[in-house]
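The values are calculated or read from the model by the stated rules, or taken from the named source; none is laboratory data. Computed from a prediction, not measured in an experiment: that's the story for all the values here. Cβ placement follows ideal geometry from the backbone for every residue including glycine, while neighbour counts extend to all protein chains displayed.
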Amino acid sequence: MATTVTTTGRPAVGESNALTWLNGWIRSHKQLAAYLVVALVVALALFAWSFLTAKTAERSAGRQIAQGRLALDSKNYPLAASVLSQVVENFSGTHAAQEASILLAQARLAQGQTQQAIQVLQRSAPSRQVLPSPDLRPARRCVRERAPAHGRRDCLRDCRRRGPVPVPPCAVSLRRGAGLARGG
């Protein structure tokens, strides 16, 4: 970008003071400016490399998942389990590995290996809390009153949406954040 200077030595009207200051700083700190530019280029190159390798890994895992899904659909459970377990191990931490772990659990269940299926699912989601009972659910915020049954199931009314919130038939605690109590 060319700099236009008037006869008095001041910058032309179109230039900002910040640009003038930056230009002066770069001229007085040439070595430091060069280091900063090199560091910025290296950081951008690393970011681009990371992004491209992640996309490549997702595509490769997607192809292997398709093979595993095909084996699962054709009821070749040992092959499906082998391919999907490789995806879970090789691409851990990706969305493809999560999908492969669910499919691997399905393959294990189809083979009658329920304990292994449970272990696969627990490894894929260790931070998620498993509720101890299917009839125990956390209460939503602002749930206040028990609504009458509409012929299908008991419901709670949500104070924000005014619509019914389906819950299993059991006692409800009215304390805030208490959740649903066990009972019948």
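Residues in segment 43-65 that are of a type in the set (A, V, I, L, M), within 21 Å of L79 (Cα to Cα) and over 18 Å from the mean Cα position of the chain (by Cα): 1 in all. Within segment 1-19, the only residue that satisfies the criterion of being surrounded by 10 or more Cβ atoms within 10 Å (Cβ to Cβ) and either at pLDDT 90 or above or under 44 Å from the mean Cα position of the chain (by Cα) (or both) is L19.
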